[in-house]
Amino acid sequence: MPEQMTRITLARRPAGTPVPEDFGHETYPLPEPGDGEVLVKVEHLSLDPYMRGRMNAVRSYSAPLEIGETMTGQGIGRVVASKADDLPVGTLVTGRTGWASHAVLQAAEAQVWDESLPQTAALGVLGMPGFTAWTGLREYGRPRAGETLVIAAATGPVGAMVGQLAKAAGLRTVAVAGGAEKCRIAVDTFGFDAAIDHRAHADASSLRKALAEACPDGIDIYWENVGGKVLEAVMPLMNDHGRIPVCGTIAWYSGTDGDTDRLPMVWRTVLTRRLSVNGFIIFDHWDGYPDFLREVAPKVTAGEITWLEDVTEGLDNAVDAFIALLSGGNTGKAVVKL
Ligand SMILES: NC(=O)c1ccc[n+]([C@@H]2O[C@H](COP(=O)([O-])OP(=O)(O)OC[C@H]3O[C@@H](n4cnc5c(N)ncnc54)[C@H](OP(=O)(O)O)[C@@H]3O)[C@@H](O)[C@H]2O)c1
């Protein structure tokens, strides 16, 4: 076992889009697990958009990171030292390891991962993002065959799962994605009926024209992943009694999407179209995770649900990969291999 571990910390709060100087790199002696704890050697780390929010000192659904704290995140790895009877050395576990080569976890916080499933699926298609898609679509999207669903960040782990589940439920699925290659992947790999490149449209009205052509019967479900220009383009196309599961607003996470005031238009449309708009955070729904795994894991294993990963090698490269993720530099679930 190495004597040292490394971790990446929040060095300072970003002003706008994060830069490498906002992160710290530290090496220090490997900790020992206490009673009821395990030491995990991280093999894969998840990079997710929500981490950007944790870097700000603002009130949210979770407390912000403190300066000097390890960057938050889920990892998967093996127990290398154990003081928990039910988690012997060698067990593959997933938990909140943070951006670190090793982590001490309470046994109750470490979830044993089924070795017959791909290891990194724990972080994406069968982990938090996949479960978010499955839960939000059922509870707040309430899809019905023949309806039309639009989703941006469509080739990411949330978007790809929503798209595939909606397609299987008989909906017309329309992807919004960044660039021609992601649009091709949305259609060819994830089975979307159409894909629109938001980067090819300078403003919301141009994007709206393209969306109107791709959605001749209007939009029944807009799965909100991004906000910004896409939201502005979508709202006037919503059908009466449409649903908007509000999952994320990544276009605004770094405060860099300009200051267009869309509020009157958005709120008026919610009223006149009698829309159901549901914000949700997946941590309120974890009770349903075993049901999700039971239903979706066999479909992933059988290849009925497809997934894509963007793997970065080495903890030292996590910062650049995370910064890239925030502006669409990832194609598929962003994962760091340690
Ligand atoms: N509510 C919850 O509990 C919950 C749980 C998980 C995730 N989420 C949210 O779900 C969303 C998707 O997460 P994910 O893990 O699947 O992310 P992801 O798709 O892997 O990565 C984010 C993607 O957002 C797109 N994007 C970034 N800036 C954009 C902009 N200005 N306009 C349009 N698209 C932009 C980029 O894709 P393109 O290159 O295709 O534009 C980028 O690849 C995020 O907003 C995340 O915060 C919420």
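Only the coordinates and a few stated rules stand behind these numbers; no lab work does. Small disclaimer: the values here were computed from a predicted structure and weren't measured. Quick reminder, even Gly has a Cβ in these numbers, built from the backbone with ideal geometry, and neighbours come from all protein chains shown.
Just a few scattered comments:
- Rounded to 5, percent antiparallel among DSSP beta bridges of the chain: 55 percent
- In the chain, Rg over Rh equals 0.98, where Rg is the alpha-carbon radius of gyration and Rh the Kirkwood radius from pairwise Cα distances.
- Packing, taken as the mean count of other beta carbons within 10 Å per residue, orders the peptides 221-233, 242-254 from highest to lowest as 221-233, 242-254.
- The order of the peptides 326-333, 282-289 by mean Cβ neighbours within 10 Å, most packed first, is 326-333, 282-289.
- What the phi angles of the stretch 195-203 give under the Karplus curve with 6.51, -1.76 and 1.60, with θ = phi - 60°, is a coupling list of 9, 10, 8, 5, 6, 7, 10, 5, 9 Hz, glycine and proline written as x.
- Relative packing of peptides 131-142, 149-160, 204-215 - highest average C-beta neighbours within 10 Å first: 149-160, 131-142, 204-215
- Spread over its residues, the convex hull of the C-alpha atoms of the stretch 128-282 is 100 Å³ per residue.
- Length available on full extension from residue 85 to residue 324: 0.36 nm per residue minus the Cα-Cα distance, which gives 82.0 nm.
- Taken along the Cα-to-beta-carbon direction at a fixed 7 Å, the label points for residue 304 and residue 291 span 1.8 nm.
- Restriction of the GluC sites (Glu not before Pro) in the stretch 243-310 to DSSP coil positions whose beta-carbon has at most 12 other beta-carbons within 10 angstrom yields 304.
- Annotation: amide H-H contacts under 5 Å for residue 5 (H modelled 1.01 Å from N, sequence separation of 5 or more, or interchain): 28, 30.
- The chain, helix-only ellipticity at 222 nm - DSSP H runs n ≥ 4, -39,500 (n - 2.57), divided by all residues, nearest 500: -7000 deg cm²/dmol
- Sequentially through the stretch 171-182, phi angles give Karplus couplings (6.51, -1.76, 1.60; θ = phi - 60°) of 8, 7, 10, 10, 9, 10, 9, x, x, 5, 5, 5 Hz, Gly and Pro residues having no value and appearing as x.
- The count of lysine pairs in the chain that are at least 8 places apart or cross chains, and whose C-alpha atoms lie under 16 Å apart, stands at 5.
- Placing unit charges on the Cβ atoms of the charged side chains and taking the dipole of the chain about its Cα centre, the candidate lying farthest along the positive direction among 276, 164, 79 is 276.
- Cα-based helix-to-principal-axis angle, 289-301 vs the chain, degrees rounded to 10: 80 degrees
- Whole-Hz Karplus values for the stretch 92-106 come out as 8, 10, 10, x, 7, 7, x, 7, 8, 6, 9, 8, 8, 10, 5 Hz, taken residue by residue from phi with 6.51 cos²θ - 1.76 cosθ + 1.60 and θ = phi - 60°; glycine and proline positions read x.
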